[in-house]
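Structure record follows, encoded as structure tokens.
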Amino acid sequence: MTTAAQHRIGSGFGATTTAAEVLAGVDLTGRLAVVTGGYSGLGLETTKALAAAGAHVVVPARRPDVAKEALDGIDGVETDELDLADLDSVAAFAQRFLASGRDIHITIDSAAVMACPETRVGPGWEAQFATNHLGHFALVNRLWPAIARGRGRVASVSSRGHHRSAIRWDDVQFATGYEKWQAYGQAKTANALFAVQLDALGRDSGVRAFSLHPGGILTPLQRHLPKEEQVAMGWIDESGNPVNPAGFKTPEAGAATQTWAVTSPQLDGMGGLYLEDCDVAEPAAEAGARGVRPYAVDPEQAARLWTLSAELTGVNAFA
């Protein structure tokens, strides 16, 4: 287990930095970005910021009609259909995109589900692990020819939620009992470990990968949480208003770290790192603290998860 490079670099940005501020003076003309979840919450703000900087943004969505409406009026954006919980849908989207012959310079795996009731998808996989991790694993591997040609960056959106659980190697699919927050934590740890191994495998092709915590943001990601639970957690009051607005980022600030991850020259030559507040995060010595738990950036754990994910999905661009 190593966290040798996992230390702040003094980027000059912080928790309140917005995606637009990260991209000030950056010209992304001629660059193509694929942003899952790019039509809602911080994903939408990411799409807006990248498009405003000149990038062409492809937003694959489980509800393409909803995505098209949300993105209406933003130049340089296209939508397509993709359900990350359905590997056939992932394969179909990737096939359509690869047929276009275009290169991918930026990939942001932003779509997610959080703390949902126990749900099984595919061959009985736990839905949060399947959607947040396995779907993105299959997507990036299937799109790899275009990503490799683009020689760009991949951002895997994790969360401080990874503190809730390492990978449960003895019961990844929660066959022996489901707990929604632990399942979310495992999925977010998987997002971080995915970036570690993708970076190790892809760096010789000129592709670097990062994971990140976007910050606490009230978005549709909370849709599975009853109002009563959010009140009990101290997030909102009985009227649905944030209890401590200063404790939550705006969607514009929530989009900043993933935008910085895939565009900043400050990260040139780096990869496999976990980021937060537009900087490299420090290792977290205990659960709940700022920073990244060592198990979420452990190369051995990352390689083991890659092997398992390839076995489950039947996809591995590096086999």
*Top-ranked residue of segment 82-111 - restricted to ones that are part of a loop (DSSP other than H, G, I, E, B) and not small (G, A, S), ranked as farthest from the chain's Cα centre (by Cα)*: R102
*Working only within segment 73-117, note down all residues that are modelled with pLDDT under 95 and either at positive phi or of a type outside the set (G, A, S) (or both).*
V113, M114, A115, C116, P117
*Quick one: which helices (runs of 4 or more DSSP H) sit completely within segment 222-319 and have at least 1 residues that are at pLDDT below 95 and under 24 Å from W181 (Cα atoms)?*
227-232, 251-254
*Among A61, A20, which is the only one that is surrounded by 22 or more Cβ atoms within 10 Å (Cβ to Cβ), touching a helix residue (DSSP H, G or I) at 6+ places or on another chain (Cβ under 6 Å), more than 30 Å from A303 (Cβ to Cβ) and aliphatic (A, V, I, L, M)?*
A61
*asked:* Which pairs turn up if I take residues in segment 104-125 that are under 27 Å from E78 (Cα atoms) and look for partners that are buried (at least 16 other Cβ atoms within 10 Å of the Cβ) and among the hydroxyl-bearing types (S, T, Y) with beta carbon separation below 6 Å, at least 6 apart in sequence or on another chain?
replied: D109/T36; D109/S156; S110/T36; A111/T36; V113/T131; M114/Y184
*Going through segment 147-171 one residue at a time, which ones are in a loop (DSSP other than H, G, I, E, B) and surrounded by fewer than 20 Cβ atoms within 10 Å (Cβ to Cβ)?*
R151, A166, R168, W169, D170, D171
*Residues of segment 27-54 classified as surrounded by 17 or more Cβ atoms within 10 Å (Cβ to Cβ), polar (S, T, N, Q) and either more than 16 Å from the chain's Cα centre (by Cα) or modelled with pLDDT of 95 or more (or both), total*: 3
_Tell me the residue from T79, T47, T3, T16 that is assigned to a helix (DSSP H, G or I) and β-branched (V, I, T), please._
T47
*Mind counting the residues in segment 55-66 that are outside any loop (DSSP other than H, G, I, E, B), of a type in the set (A, V, I, L, M, F, W, C) and over 18 Å from the mean Cα position of the chain (by Cα)?*
1
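The values are calculated or read from the model by the stated rules, or taken from the named source; none is laboratory data. Please read all numbers here as calculations on a predicted model, not as lab measurements. Please note: Cβ atoms are built from the backbone with ideal geometry, for glycine as well, and neighbour counts cover all protein chains shown.
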